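Here the structure is laid out as structure tokens; the discussion comes afterwards.
Just so you know, all these numbers are worked out from the coordinates, no wet-lab data involved. From a predicted model like this one, the values you see are computed outputs, not experimental measurements. Cβ: placed from backbone, ideal geometry, glycine included. Neighbour counts: every protein chain shown.
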Amino acid sequence: MIGSPFQSDQPLIIERSCLMRFHDHAKSALPHEAAALLTGYDHHITDLVPIEVMATPETFSLSPQLLLQELHKICERKQEWIGLIHSHPTMPPIPSSADTTGWHYPMLSYWILSLAAEPAEVALYRWIENSWRNYPYEVK
Ligand SMILES: [Zn+2]
């Protein structure tokens, strides 16, 4: 149910439609941050599940209960949870200190879409050896 997308040592692949859907979701949540779960298999992200969060313009937090409910549905669809994407309405796509304290799944991918620039920027990170490391990805 919980994937390990970095295990294969290959760039993660994300479907363009996932990024487009999240871009729309992030815009509709302005001025607050928004988030979504990324699902698929192995290192391929094929689907996106917007998730309701408690958010401000510079933070978001996931409800553990809601997360469990969504993970249950992902499991029923025989997919893996591969990562989380969230938006930065006015800041660049760099993890904040709130991102660091709020992220508890270092085996998964952590994506930030920044609406601060036009077009929006997307960056991928992994929490490893006590710091955020930027990773390459391919949009398909
Ligand atoms: Zn953030």
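One decimal place: the segment residue 10-residue 52 gains 12.1 nm when fully extended, by the rule 0.36 nm per residue minus the C-alpha distance.
Dipole size of the stretch 24-140 about its Cα centre, with +1 on Lys/Arg Cβ and -1 on Asp/Glu Cβ: approximately 160 debye, rounded to the nearest 20. Residues considered: 46, 59, 101. Largest GNM mean-square fluctuation over the chain, using C-alpha springs under 10 Å, is found at 101.
Picking from 91, 20, 107, which is most flexible by a Gaussian network model of the chain using Cα springs under 10 Å? Among 91, 20, 107, the largest GNM mean-square fluctuation belongs to 20.
Largest GNM mean-square fluctuation among 121, 33, 129, using the chain with Cα springs under 10 Å: 129. Available extension along the chain between residue 63 and residue 138 is 24.0 nm, counting 0.36 nm per residue and deducting the alpha carbon span. Between the alpha-carbon centres of the stretch 1-45 and the stretch 69-140 there is a gap of 7 Å.
Take the Cβ atoms of residue 75 and residue 128, set R0 to 30 Å, and the FRET efficiency comes out at 0.70.
A simple count of charges around residue 112, restricted to other residues whose Cβ falls under 10 Å of its Cβ and scoring Lys, Arg +1 and Asp, Glu -1, yields -3. For the stretch 46-140, what class follows from the C-alpha gyration tensor (a ≥ b ≥ c being the square roots of its eigenvalues): rounded when a/c is under 1.5, otherwise prolate if a/b is larger than b/c, else oblate? Rounded shape, in that the Cα axes give a/c under 1.5.
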